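The block underneath contains the structure these notes are about, expressed in structure tokens.
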Amino acid sequence: MQFELTKEYIDELQDHIEKSDEVKTFELVKDLHPADIAEIYDELSIDEARFIHVMLDSEDAAEVLVELEEDDRERFLKVLPSEDIADFIEKLDSDDAADVVGEFSEEKQEEVLSHIDDLEQAGDIVDLLNYDEDSAGGLMAKELITVNENWNIMTCLQEMRKQAKDVDEIYYVYAVDDNEVLKGTLSLKKLLLTASNRKIVNVINTDVISVKTDTTSEEVANIMDKYDLVVLPVVDPLNRLVGRITIDDVVDVIREEAERDYQLVSGITQDVESTDSAWLLTRARIPWLFIGLFGGIIAALVMGVYEVDLGINPRMAFFIPLIAAMGGNVGVQSSSIIVQALANNSMGFEGIGQKLLKELGVASINGIILSTVIFAYNYFFSDSFALTLTVSTALFSVIVFASMFGTVVPMLLNRLKIDPALATGPFITTVNDIMGLFLYLMIARAFFVIF
């Protein structure tokens, strides 16, 4: 049954903790999933969370640490001695253990690793810490089952029993040669249905999708999504098997990437949570707000240049919000589509020129429809034909410009190896506001002279 955290539950839990009632406290948390306990920790003080943590069995306590947000985990682990942290680390898979240890200072890392009794696991953690955290090497776990391609099925099964105790989930058995080079995979179904005297080399699937240790985490996620994989082997430059990446690790990558892109789109420059301090939230938001402020000043200067025109035809001011809003909306739509395509590697073989031509067609159709609607409105409700024609022409021009700008900027940023998500949100809307206002007032000056 899914756990639902309520204020009443937290109040009851805190009441038992305040009274140091270990029995009733443990009754409230003993059947919960580690992810649910981590969620509870978010609502408690460090001391209250620690009171619960020491009651959990070592495996659950270790899993709770993994489920905590990075900032919360850092604060929590600060109050624990290195010996206790090492005990928890030993219960984790190597990839999770490396993630936790990697958040410490070098001095703290050495201290915690020195208290790990399992030297093999400590070595695996050290190996993983040498990889970039945003690479396949940083994502992978060392726990997997390998067999030699020259063994028969019976030997393979016997070896699996020895190795399986260190592996939580067995998706595939990996076949390697005498030099640990990956040769293929063997499914559990194949193992069960194959005669025990047959050699592994004759039954393995040699068509294996793998990644190198330096493959980016984003590319790993795209590969697993494209081929519907639940596990992906990782090899070194010599094609030797060094680890595997499971789908749960990739889900975390996808979620973190989506959160990062969403924050960039919203004009937030740092990874923040709603529970962070006011100062941290302000620091994350203020850079793009300064850009918006600067854009507003430029827009005001543009209006100052056309102050006389606005004074002669004050009704022009009524449509400034419309022009600015439409330019911003169209720009964000165009850039969002391109950013999504770049993130999913679904751009196809079309170059920038082809994309611009397609977007020009879409923008022209949308522009004609919307400018016709505003033309009809002004034609019946305005007594100035110059204003009617001005607003319609300006709206069409702004839609085309905003669409082109929203398409080309993320593509150029991607070429420059800059996150294209920066091209959406405040940046697009600010530039389109300025250009939309400029086009509107420039067209108005020309049309009011002619008509």
Checklist entry - Hey, among 87, 11, 117, which residue is free of Cβ contacts under 8 Å to residues at least 60 places away in the same chain and touching an Asp or Glu at 6+ places or on another chain (Cβ under 8 Å)? => result 117
Next on the checklist: Within the stretch 47-106, considering only helices (runs of 4 or more DSSP H) that don't extend past its boundaries, which have at least 3 residues that are among the aliphatic types (A, V, I, L, M)?
Outcome noted: 58-67, 82-89, 94-101
Next on the checklist: Condition check: in the same structural domain as residue 86 (by TED's automatic domain parsing), out of contact with any helix residue (DSSP H, G or I) (no Cβ under 6 Å at 6 or more places or on another chain) and either aliphatic (A, V, I, L, M) or surrounded by fewer than 19 Cβ atoms within 10 Å (Cβ to Cβ) (or both). Does residue 56 satisfy that?
Outcome noted: yes
Checklist entry - Of all helices (runs of 4 or more DSSP H) completely enclosed by the stretch 152-261, which ones contain at least 3 residues that are closer than 23 Å to residue 123 by Cβ? => result 153-163
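The values are calculated or read from the model by the stated rules, or taken from the named source; none is laboratory data. Source: prediction; values computed, not measured. So basically every Cβ, Gly included, is an ideal-geometry build from the backbone, and we count neighbours across all protein chains shown.
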